[in-house]
Amino acid sequence: TFRPLAPVNRDAMAAFMNRFAGEYCSIADAADYDAPQVAPFPDVPVNDQFHKEISWMAENGITTGFNDGEYKRLQPVARDAMARFIERLDGYTEDNGDCNP
């Protein structure tokens, strides 16, 4: 189900960002990203359903995680963090392709 009023966790948000860049902006690096078989953060195991998307965000500087080194994938994304992710994604898309939503 869609659950329009449910909060979005940080792991699912990574999927939104990756798919937006890859599918909407047609950026091959995002669409065809092959995640390394190492954890991008200690709390994101390689078998996590969003490992690929979180790894892509980390590798491209869209996320840096928390000061303690974790990503905290199961926490809802806060508004300040979401604004920063969008700002970084905007810079990424400008540097890697043409994306005009």
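Within the range 48-64, is there a residue that is modelled with pLDDT of 95 or more, over 11 Å from the mean Cα position of the chain (by Cα) and of a type outside the set (Lys, Arg)? Within the range 48-64 (the criterion being modelled with pLDDT of 95 or more, over 11 Å from the mean Cα position of the chain (by Cα) and of a type outside the set (Lys, Arg)), the answer is yes, since at least one residue qualifies. Among the residues of the range 13-32, those identified as part of a loop (DSSP other than H, G, I, E, B) and surrounded by fewer than 18 Cβ atoms within 10 Å (Cβ to Cβ) are Ser26, Asp32. Tyr71 falls short on exactly one of the conditions (1) aromatic (Phe, Trp, Tyr); (2) open to solvent by less than 50 Å² (accessible area, probe 1.4 Å); (3) outside any helix (DSSP H, G or I); (4) free of Cβ contacts under 8 Å to residues at least 60 places away in the same chain, and that condition is (4). Filtering Asp48, Asp43, Asp32 for residues that are without any contact (Cβ under 8 Å) to a residue 40 or more places away in the chain, of a type in the set (Asp, Glu) and in contact with an Asp or Glu (Cβ under 6 Å, 6 or more places away or on another chain) leaves a single hit, Asp43.
The values are calculated or read from the model by the stated rules, or taken from the named source; none is laboratory data. These figures come from a predicted structure and were not determined experimentally. Ideal geometry is used to build each Cβ from the backbone, glycine not excepted, and the neighbour counts take in all protein chains shown. Accessible surface areas use protein heavy atoms only, side chains included; no ligands, DNA or RNA. Shrake-Rupley method; radii C 1.70, N 1.55, O 1.52, S 1.80 Å.
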